[in-house]
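Read through the structure below, which is laid out as structure tokens, and then see the notes.
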Ligand SMILES: *[C@@H]1O[C@H](CO)[C@@H](O)[C@H](O)[C@H]1NC(C)=O
Ligand SMILES: *[C@@H]1O[C@H](CO)[C@@H](O)[C@H](O)[C@H]1NC(C)=O
């Protein structure tokens, strides 16, 4: 490494160390500069689809697997269709497989832990893994995409979700997903 760069990084390191937040001897955060190897081409992909959470009727795609006395902790295993359009019978692009659980005692916030398994075009066989907090009553919810497989190897990104249809009688919902991921 060039001496100048080493010096710059060292100065940056000192500057960052001195920015460490210390309150009453308890350290909450520290920042460190790191160097990264030159990455190979990183692609960005945006996906747009609709998530159909069908909880009632003859063929529900979301099944409660844990039902505590109070709502907190309620958990469902899902195999929800993902489609191109809002209509449930529009082109299937994949399935959301995994679970969601009511993880908040204070509001309607779910823990989402699921894989989007795609079956459409060149994405057939590739997956994205979503793990995040989903406060379902918020207009737009953001959830991290923490990994992927196939064309989405090394994926990192985020999903923006907004409910487009919710039937309070049946509990069925259609949710629009806009996913942005960077991957190898
Ligand atoms: C996706 O791939 C599987 C396995 O290779 C294949 O059986 C299936 O027909 C493909 N689906 C689509 C929609 O291309
Ligand atoms: C998602 O994308 C669609 C189409 O591009 C757009 O109309 C919509 O506002 C977006 N929703 C969110 C929550 O970003």
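General remarks:
- Likely footprinting exposure, 82, 92, fewest C-beta neighbours within 10 Å first: 92, 82
- Distance from the alpha carbon centroid of region 126-147 to that of region 80-114 works out to 9 angstrom.
- Over the chain, the hull volume per residue, using the convex hull of the C-alpha atoms, is 165 Å³.
- Here the scattering of region 76-182 is modelled by Debye summation over its C-alpha atoms, one equal scatterer each and no solvent; at q = 0.17, 0.20, 0.21 Å⁻¹ the log10 of I(q)/I(0) is -0.81, -1.13, -1.24.
- Residue order, fewest to most surrounding Cβ atoms within 10 angstrom, among 156, 67: 67, 156
- Panel order for 32, 154, 51, 116, by other beta carbons found within 10 Å of each beta carbon, from fewest to most: 32, 154, 51, 116.
- In degrees, nearest ten, helix 3-17 long axis to first principal axis of the chain (Cα): 60
FYI, it's all coordinate maths here, none of it is from the lab. Just so we're clear, the structure is a prediction, and the values are computed from it rather than from any experiment. Cβ sites come from the backbone with ideal geometry, for glycine too, and all protein chains shown count toward neighbours.
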